[in-house]
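Working notes, structure below.
The values are calculated or read from the model by the stated rules, or taken from the named source; none is laboratory data. What you see is a predicted model; the values in this text were computed from it and never measured. We place every Cβ from the backbone using ideal geometry, glycine too, and count neighbours over all the protein chains shown. For accessibility, only protein heavy atoms count, side chains too; no ligands or nucleic acids. Shrake-Rupley method; radii C 1.70, N 1.55, O 1.52, S 1.80 Å.
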Amino acid sequence: KDPKGVAQAVDALLESGLSMDPALVKAAVQAHEKALKSAAGAKGLMTSKADFAAVNEALARMIASADQEKFFKLLTAFPGNADLQMQLYKENNPAEAQAAYQAFEKLTQAVKASSTNGASPF
């Protein structure tokens with residue numbers, strides 16, 4: 001519906017990605033790949049708690065290495081994304097969704113605070 005908006009959002013996504021530590025981006029991709037492979041062979045397509053935790057840690061490290069202004073632009077960069085986020089939020093227990101968000105945000109801040117370049121390598 002909004003090709004120009006999508007193109008601008010992809011540009012914002014690429015700009016944010018380019019500001020991240022490439023080693024941390026690679027580690028996040030590898031963590032996702034491992035979790036997806038374990039989920040594919042599991043009942044209910046669920047990955048292990050360890051793989052889920054590894055994905056979250058890798059994402060926190062990657063996000064912490066990003067230029068924060070560029071990264072936060074992504075929250076509203078894609079047309080309709082804010083509406084989608086609110087819809088997903090409403091479909092879940094609001095208290096649990098807020099707690100999960102706050103825990104992830106706290107993890108990202110802790111990673112950033114404990115490093116010299118914005119994010120510690122694994």
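Counted residue by residue at 0.36 nm each, then reduced by the alpha carbon distance between them, the extension gain from Leu14 to Lys43 reaches 6.9 nm. Note on the range 7-94: with neighbouring protein chains present and a 1.4 Å probe, carbon and sulfur make up 64 percent of its accessible heavy-atom surface.
Protection proxy ranking, highest mean first, for peptides 81-90, 48-57: 48-57, 81-90, where packing is the per-residue count of other beta-carbon atoms within 10 Å, averaged. Projecting the Cα atoms of His32, Val111, Ala9 onto the charge dipole of the chain (Cβ charges, centred on the Cα centre) puts His32 farthest toward the positive pole. Along each principal axis, taking the top coordinate minus the bottom one, the Cα set of the chain gives 39, 38, 28 Å in descending order. Residues in the chain average 70 Å² of solvent-accessible surface per residue, probe 1.4 Å, ligands and nucleic acids excluded.
A viscosity of 1.002 mPa s and a temperature of 20 °C, combined with the Kirkwood radius over C-alpha pairs in the Stokes-Einstein formula, give the range 41-85 a diffusion coefficient of 166 µm²/s.
With semi-axes defined as the square roots of five times the eigenvalues of the C-alpha gyration tensor, the equivalent ellipsoid of the range 60-115 measures 23, 17, 5 Å, largest first.
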